[in-house]
Structure formats: C-alpha cells, structure tokens
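Just below is one structure, and these are the notes that go with it.
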Amino acid sequence: MHRKVIHEWFDTTKGQILQQQETAFLKHSITVSCKQIIVQIGALGWENDFIDCSLYEQFYVLDDEQDSCYESKLVRGSTIALPFKSESVDMVILPHVLEFSQHKHRVLREVERILKPEGKLTILSFNPWNIYINLQYIKRRKKHTRWFPDLVSRTRIEDWLRLLNFEVDVAAGFNFDTTRINSEHAESRKQELRVAAYGIKAIKRCYHLIPLTPIRDYQSKYAMAKIIDIPIRQRQYNAES
C-alpha cells in the first residue's frame, strides 16, 4: 500500500484525534536548538502544527512523492540512501515511514549513519495489534496486495534500535481518547490492544573502548606479617587441654 493513504485517513474524525496526540508528542520531542539540523523522513502535510519553520531554519522534509507544508524545505530522495553526510544531522523524525517500507533495517541504518553522536531520533508508527488499524488497511488496500499491513510492534523496533546503539528514552502510546506516556515500557496485552499508534524517542550513543596497556617494570612487593608471640600461660593452657 502506498503511504499516501495516511494523508487520507488523517482527515477522518479518528484520524484528527490521533493527529492531535502525535502533534503534542512531536512538540515535546523537538528539544534541539533552532540552529541545529532536523530532518523529517516522510512528509505529513501538517508539519507547521508541531514545529515553527520560520524559527527552525534548518528543518528539512525528505520525501520521494508526497508534499510537506509549504513553509518547510522539501528534499526529494530515497529513504534507503539519504542524501546527507554521515554524522551531520542533529535530529531525525520518522513519522509513519517504517510501516510502508520494505527495507526497514536499511532505513534505520541510514538514520544511524547521518545522525551525530548523541543525536536524537523520534519514531511514530501504528500498532500492529490494534484491530481498527488493521481494518482500515484492509478497507483501503489495493488489489493483488497482501491482506494485512507489514506493521512492526514497539518492542521489536526498540530491539532494532538497541542493536544500532540507540538508547530508548521515552515510549508513548496513543489511542482515540487520551495520550499515555509510559517510561517503563511495560504494558499489559489488554492495554496494548487499545493503543492505535505509538511514539519512541531515542538517543544515538557512541561508546569508545579504552585500551588497556600493560604495566611495565612491575615489581611485586610482599608485606611481612608480624609474628605474634603467644604468652607463656596461654601456651601452657593449650598444652594441658
């Protein structure tokens, strides 16, 4: 299925409710300086709801077909070969991109490549265990396509991020009533079914190994213990016993 279906779905009543919750999550996620570089992979069309493009002049939206809001800078390119230098971006936003990508791992590896050390990543994705989301896909799917969407659960994405040395900071679940942020990442199956979409905030960590050099000219020193002389009375008592 083409990604443009989410633009149509966000115009519905439930889509508008979910859009408001994701907008609030993105507003809290953008904590970088207005002079730093932010790249959003995948256009939404309502970028001006969560970011001030006149303030964040280095905000870019990359998409191969869809258009973003008119205030943002649009870049045409592929998600599996991002047209950015390695370690040149301060923050990356992935709004509902992995669900429609056939190369999910390559997309995440490209994101890891362009992010600076300690760079921030925000992901929005639909919940594969939500019945309503799956029904919406079946309703809008094209002929000769798979019956069910290729959605990925939050826990699996978190595992993929850890393999790429990302540290998950916050995970949030969105439904059609309220927004619940869960920092402990522990949800029951009943609660997980009610979540329509989720958001993840992660930080790219760079770990450097400290080389251990051998110690030269090491001389072992022995400490002589003082010999304790047992009193005569105690020795006689030990001998009699």
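Since every read-out is calculated from the coordinates, none of them should be taken as a lab result. None of these values were measured; they are calculated from a predicted model. Cβ atoms come from the backbone with ideal geometry, glycine included; neighbour counts cover every protein chain shown.
With a Förster radius of 22 Å applied to the beta-carbon distance between residue 103 and residue 53, the computed FRET efficiency rounds to 0.15.
Could you give the length gained on full extension between residue 116 and residue 160, defined as 0.36 nm per residue of separation minus the Cα-Cα distance, in nm? Taking residue 116 through residue 160 to full extension adds about 14.0 nm, to one decimal.
Extension gain, residue 67 to residue 176, is 36.6 nm, computed as 0.36 nm per intervening residue step minus the present C-alpha separation.
Which of the GluC sites (Glu not before Pro) across the stretch 1-93 are loop residues per DSSP, with 15 or fewer other Cβ within 10 Å?
Here the GluC sites (Glu not before Pro) that fit, given the DSSP loop and packing criteria, are 57, 65, 71, 87.
The trypsin sites (Lys or Arg not before Pro) of the stretch 1-32 that meet both conditions, a loop assignment by DSSP and at most 15 other Cβ atoms within 10 Å of the site Cβ, are 4.
For the stretch 1-78, the ratio of Cα radius of gyration to the globular rule of thumb 2.2 N^0.38 Å stands at 1.10.
Among the trypsin sites (Lys or Arg not before Pro) in the stretch 66-109, those placed in a DSSP loop whose Cβ has at most 15 other Cβ atoms within 10 Å are 76, 85.
Among the listed pairs 4/120; 35/120; 85/116; 116/201; 14/139, which have their C-alpha atoms separated by more than 19 angstrom in this model?
Beyond 19 Å between Cα atoms: 4/120.
Based on DSSP, what percent of beta bridges with both residues in the stretch 5-204 are antiparallel, to the nearest 5?
Roughly 55 percent of the DSSP beta bridges within the stretch 5-204 come out antiparallel.
Nearest 0.05, what FRET efficiency do residue 203 and residue 85 give at R0 = 22 Å with Cβ-Cβ as r? Calculated transfer efficiency: 0.65.
Between residue 76 and residue 135, the C-beta separation translates, for a Förster distance of 41 Å, into a calculated FRET efficiency of about 0.80.
Apply the a/c threshold of 1.5 to the C-alpha gyration tensor of the stretch 5-204 and tell me whether it is rounded, prolate or oblate. Rounded, since a/c falls under 1.5.
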